[in-house]
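Values quoted throughout were computed directly from the atomic coordinates according to the rules given, and no laboratory measurement underlies them. All values reported here derive from a predicted model rather than from experimental measurement. Positions of Cβ are backbone-derived with ideal geometry, glycine not excepted, and every protein chain shown enters the neighbour counts.
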Amino acid sequence: MSWSDKIFAYCERAANPAFWAEPFNALSNIAFLVAAFAAAIHLARRAGSSRRLMEWLLVLLVFVIGVGSFLFHTYATRWASVADTAPIGIFMIGYLAFAMRRYLGAPYWAVAAGLGVFLLAMKAAEGIPCQPGLLPITMAAGRPCFNGSLGYVPALAALVLIGVALVIRRHGAGSAVLAAGAVFAVSLTLRTVDFEVCGVTSVLGRARGTHALWHIANALLLYLLLLAAIRHGAGVRTTSADRSTAWQSP
């Protein structure tokens with residue numbers, strides 16, 4: 001196994017190893033750059049923006065996600081796959097910790113426990129087997145169960161649970177987090193059916209699939225989460241006396 005081995009994982013690429021074999025998938029990553037740039041402008045205009053390091057790091061991660069995904073959908077190698085998936089994983093873990101700490105005011109031990117449960121859930125979700133024939137075209141293409149989308153289900157569940165908790169507490173970020181969860185449900189569906197609809201998604205004489213739409217929907221999802229962090233991520237102030245219970249109060 002070599003870092004330069006080619007990976008043929010999407011409808012648009014098929015078995016073509018060329019750099020521009022996935023033009024729609026590659027160029028749709030511009031949406032992530034637009035989301036990061038728009039969020040950066042919004043953050044820069046906020047009072048005290050120079051001191052909001054975590055928010056700037058989240059914006060930077062969205063930019064890196066776009067670059068990493070572009071590399072994967074052009075080079076299509078194992079090293080490019082890492083460049084694609086690593087920033088996504090870091091963002092999911094980072095934003096979950098940010099949401100638990102800043103929105104819910106959870107103590108650090110609860111944040112650590114929540115991250116541990118999240119990582120275990122991701123590992124378990126990836127190992128769930130598919131019933132034969134559930135997604136026959138995807139399975140015939142040698143792709144994993146649900147085209148590898150099951151590993152993202154814990155992230156969707158986390159968005160919904162945190163969004164509901166925030167809405168119950170009447171927190172300003174609640175509606176944005178729930179809206180991001182709804183967008184994520186749509187984008188996961190688009191990612192899952194990429195091969196299943198490959199034969200009916202011909203554009204400019206070639207099958208394109210739905211993976212480019214996954215990118216665009218995810219850019220919207222990440223923009224919503226960034227806006228929530230920028231507008232409502234100042235944090236829940238706690239003292240040493242109530243630090244252990246602050247995350248349970250509105």
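Pair-distance distribution of the chain: all C-alpha pairs, bin width 5 Å, starting at 0; shares per bin in whole percent are 1, 6, 12, 16, 18, 16, 12, 8, 6, 3, 1, 0, 0, 0. Out of S49, A125, C145, whose Cα points farthest toward the positive end of the dipole of the range 23-248 (charges: +1 Lys, Arg; -1 Asp, Glu; placed on Cβ)? The listed residue farthest towards the positive side: S49.
Counting every other Cβ atom within 10 Å of each residue's Cβ, D5, D84, D194 order from fewest to most as D5, D84, D194. Peptides 105-112, 206-213 ranked from most to least packed by the mean count of surrounding Cβ atoms within 10 Å: 206-213, 105-112.
The residue list I230, H215, G94 was ranked by how far each Cα lies along the charge dipole of the chain toward its positive end, using unit charges on Cβ atoms, and I230 comes out on top.
Projecting the alpha carbon convex hull of the range 14-139 along each direction and taking the average yields 10.4 nm².
Residue order for H215, H73, fewest other beta carbons within 10 angstrom first, comes to H215, H73. Ordered by the number of other Cβ atoms lying within 10 Å of each residue's own Cβ, fewest first, V59, V193, V153 fall into the sequence V153, V193, V59.
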